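What follows is one structure encoded as structure tokens, with my remarks underneath.
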Amino acid sequence: MIHMDRNTSPLSPLSDETVGEVARSTVLNEYPSDEITRFKQLYADHYGIRPEQMEVANGSDEWIQKTIMTLGQRGVMALSPDFVMYEEYSRQTDAPFYTVPCDAGFRFNFDEVIRSIEEKRPSLFLISMPHNPTGQLFDAEVLERLSQAMKAAGGYLVLDEAYAEFAPAYRRPAGEHVIIIRTLSKIFGIAGLRVGIAVADGETFSRITRLNHPYPVNSLSLNLASRIFENRDQLKKFTDYQLASKKQLDAAFRPLGNRIKTIESSTNFIFTYGRNARSLGEYLEENGYQPRMYDTPPLGDVVRYSIIRLEDYTGLKKLINEWSTQYDQERKIDTGNTDFHFTR
């Protein structure tokens, strides 16, 4: 089975030989003080930020949880849908949780969002940028409006940038009330190492890091992550592979036209929906490509597909073409049929 349901890299950025080399050189009988310092400097240099305004934790999920624990006392607000763990971590900490729903096309009315902020006055607004699960990229003007609304409410805006490296550069809101959360799980391909980053300034940085452990990430994960950023040419080659795979993914679904609805995605996945989306998803699943399907509203007719190895797109495109051909044939027979069943 070729997995398209995990939103992670289809490849590892490190060879088995490199992993073995790094493991053998990692000092296991000491705490990872030097390892943290080295990784933070490499990461900060890569992004042009200061090491002292960033901190690491055991995955970006831990930063989401800690941010809610430290700043979410007056309530947490998010779009619906958005990353499911926003609500889960709010529930774990008994923080009130509010959402602003999308429309039927999974778009958001940010006038309504701003009104909800002004009414509820949450202390925290979390938003994935690019958006998870749809993949859409929000305008810089929209984010600035969110930022100013949260500042006026005496709260904080969290930009969850898990997929940011797949998207065009954008203008981020500024200010001590803005927090950036990032991960190495997506375009950098090391989801299993659990390395997450938070970037903030001033008192906000002090508040979100006050629950941090003295050594929040283990030595081996840090050393392997550092190795990725030490070789810029190799890192670019790897990230270019992810971006090339996303282009192939877009190309594979483009011929579907109006048979299935899609949203332009700035992530490593494609978001499909509508009455025929599940039919295609089930057809691909039956033939060796596992997509992500949902059972709860408003995602009941949504199917998502994440990037795969470049050599696997030939089979995917063939199957999509087969499904499309049978779809067109069925439409000619009965244009009123809303429940198609295809066989191969």
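Taken together, the values in this text are just the output of simple stated rules run on the coordinates, not laboratory data. For clarity, every value in this text was computed on a predicted model and none was experimentally measured. Cβ sites come from the backbone with ideal geometry, for glycine too, and all protein chains shown count toward neighbours.
Between the alpha-carbon centres of the stretch 222-279 and the stretch 1-37 there is a gap of 22 Å. Cross-link pairs exceeding 28 Å in C-alpha to C-alpha distance, out of Lys40/Lys186; Lys186/Lys261; Lys66/Lys120; Lys120/Lys246, comprise Lys120/Lys246. Projecting the Cα atoms of Thr272, Gln53, Val199 onto the dipole axis of the chain, where Lys and Arg carry +1 and Asp and Glu carry -1 at the beta carbon, places Thr272 farthest toward the positive end. Around the Cα centre of the stretch 175-309, unit charges on the Cβ atoms of Lys, Arg, Asp and Glu (plus for the first two, minus for the last two) sum to a dipole of about 240 debye.
Annotation for the stretch 232-315: GluC sites (Glu not before Pro) lying in DSSP loop with at most 16 further Cβ atoms inside 10 Å of their Cβ are Glu264.
Checking the a/c ratio against 1.5 first, then a/b against b/c, what shape does the Cα gyration tensor give for the stretch 185-344? Prolate, because a/c is 1.5 or more and a/b exceeds b/c. With helices as the sole contributors, the chain gives -13000 deg cm²/dmol at 222 nm; each DSSP H run of n ≥ 4 counts as -39500 (n - 2.57), and the sum is divided by every residue.
Computed from Cα atoms, the angle from the helix 232-253 axis to the main principal axis of the chain rounds to 30 degrees.
If you place +1 on the Cβ of every Lys and Arg, -1 on the Cβ of every Asp and Glu, and leave all else neutral, what size is the dipole of the chain about its Cα centre, to the nearest 20 Debye?
340
Which of Leu159, Thr18, Tyr215 sits farthest toward the positive end of the charge dipole of the chain, with +1 on the Cβ of Lys and Arg and -1 on the Cβ of Asp and Glu? The one lying farthest along the dipole's positive direction is Leu159. 3J(HN,Hα) couplings calculated from phi for the stretch 114-122 with the Karplus curve 6.51 cos²θ - 1.76 cosθ + 1.60 (θ = phi - 60°) are, in sequence order, 4, 4, 5, 4, 5, 7, 7, 6, x Hz; Gly and Pro show x. Each residue of the stretch 272-288 is assigned a 3J(HN,Hα), and the resulting list reads 10, 7, x, 5, 9, 4, 5, 4, 5, x, 5, 5, 5, 4, 5, 10, x Hz, derived from the Karplus form 6.51 cos²θ - 1.76 cosθ + 1.60 (θ = phi - 60°), x at Gly and Pro.
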